1. Please figure out what share of the DSSP beta bridges in the chain is antiparallel and state it in percent, rounded to the nearest 5.
2. Given only helices, namely DSSP H runs of n ≥ 4 each adding -39500 (n - 2.57), what is the per-residue ellipticity at 222 nm of the chain, to the nearest 500 deg cm²/dmol?
3. Report Rg (one decimal) and Dmax (nearest whole number) for the stretch 1-60, counting Cα atoms only, units Å.
4. Running a GNM on the chain with Cα contacts under 10 Å, which residue among 209, 258, 197 ends up with the highest mean-square fluctuation?
5. For the chain, what does the relative contact order come out to in percent, with C-alpha contacts under 8 Å and a separation of six or more?
6. Give me the angle, in degrees from 0 to 90, between the Cα long axis of helix 2-13 and the longest principal axis of the Cα atoms of the chain, rounded to the nearest 10.
7. Would you mind computing Rg(Cα) / (2.2 N^0.38 Å) for the chain, counting N as its residues?
8. Roughly what would the spin-label model give for residue 269 and residue 28, points 7 Å off Cα along C-beta, in nm?
Amino acid sequence: MFNTAVHAEYLRDHKEYCFDLQNDSYTFNWNAMKQKRDDYVKRLNGIYYANLEKDKVTLLRGDAKFTGPKEVTVNGEKYTAKHILIATGGHPKMDSNIPGIEYAISSDGFFELEQQPKNVVVIGAGYIAVELSGIFNALGSKVSLLIRGKTVLRKFDTMIGECLTEELKSSGINLISGCNVQKITKEGETLTVHLGCPNGDNKITGVDCLLYAIGRAPNTSDLGLEIPGVKVNASGHIEVNDFQDTSVSGIYALGDVCGKAELTPGWYHVCAMCISVLLWCSGHCCWQEASTSSVWK
C-alpha cells in the first residue's frame, strides 16, 4: 500500500513534467488493489512454505507453550531442543478504557478494509500511525492524525520528528496535538470522536474509519515463560543481552518480543547474526548438528 500511495504522488507530480491527466483527475479502486495485494501476499507465503520444505525444515502449526526447561508443547505433542529461539512477534495495542473502542480498528484492521474510507482519524504518533496516515492521505481520504505531544516520532531523532510533523501538515493532513480521545459514539454508519483538549472539549464527526496505532505489545503472555524461568520486564517484553540470550542459557529471543528497535530491517540483521552464531559456532553460543523446527503462532 505504501508503493500504491507513492504512485498516487507521482500522478499529482506529472503535470510538472507536462503530462496532461485530464485536469489532474484519476480514479483509484481500493478494493481491486486489496485483492491484488492479498493475492501477492498469498503467493509469497506459498514461496516461503516451499522454501522451508526444500530446506527440510519441519513446520509445526499451532500454539507453542513451554512445558519444561527445554521442552515445548504444540497440539499436545512435546518437543525438546538444546537451543530454542523465541520470535513470536507482537500485536497492536488498543485502549480498552475508552467507551466505544469497539468501533475502532487497529493497524491490522487496515489490511481488512474492503473499501476506501472517506474520513479517517488515526490515533498515534509512531511510525505506523504516520505511515498509514500518509497512505490514506495520498490516496485521497480526508485524514486527521491525533497525537498527544507536539511532534510525531518522538522516539526518533528530534529533527526528523519536527520536520516530518511540518511535512504532514503541509501535505493536507489535519494534525491535532495535545488532545486525548474521551469516547467514541456511532450515529448510523459514521462515528464521532470526542476529544479532551487543553483549550476545551472538541469532536470530529462523520468519521467512517477510526484507526488506533498507539504501539504494540509482545506475544509472550501465553508462552509459559515462567516454566523455564525466562525473565520479562513490566511490559511483558523478554529481556535479552547483546547476543539475544535470555536469562536462560540456550533460549534466545529476537524481534518485537524484545521491545527494542521495532523496525523490520533491523531485526533482519539481528536474525541473520543470531542464526549465524547458532549454526556456525562463530560467537557467543554454538549449535552443532542443528536440526531446525519452525512453530507458527
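1. Here the antiparallel bridges make up roughly 50 percent for the chain.
2. -9000 deg cm²/dmol
3. My reading of the Cα-based Rg and Dmax gives 18.8, 56 Å.
4. Residue with maximal mean-square fluctuation among 209, 258, 197: 197.
5. 22 percent
6. With rounding to tens, the tilt is 30 degrees.
7. On the way: Rg = 22.7 Å, N = 297, 2.2 N^0.38 = 19.1 Å.
Relative to the rule-of-thumb radius for its length, the chain sits at 1.18.
8. 3.2 nm
The values are calculated or read from the model by the stated rules, or taken from the named source; none is laboratory data. Note that this is a predicted model, so its numbers are computed, not measured. Every residue, glycine as well, gets a Cβ built from its backbone with ideal geometry; the counts of neighbours run over all protein chains shown. Protein only, heavy atoms only, side chains kept; ligands, DNA and RNA dropped before computing areas. Shrake-Rupley method; radii C 1.70, N 1.55, O 1.52, S 1.80 Å.
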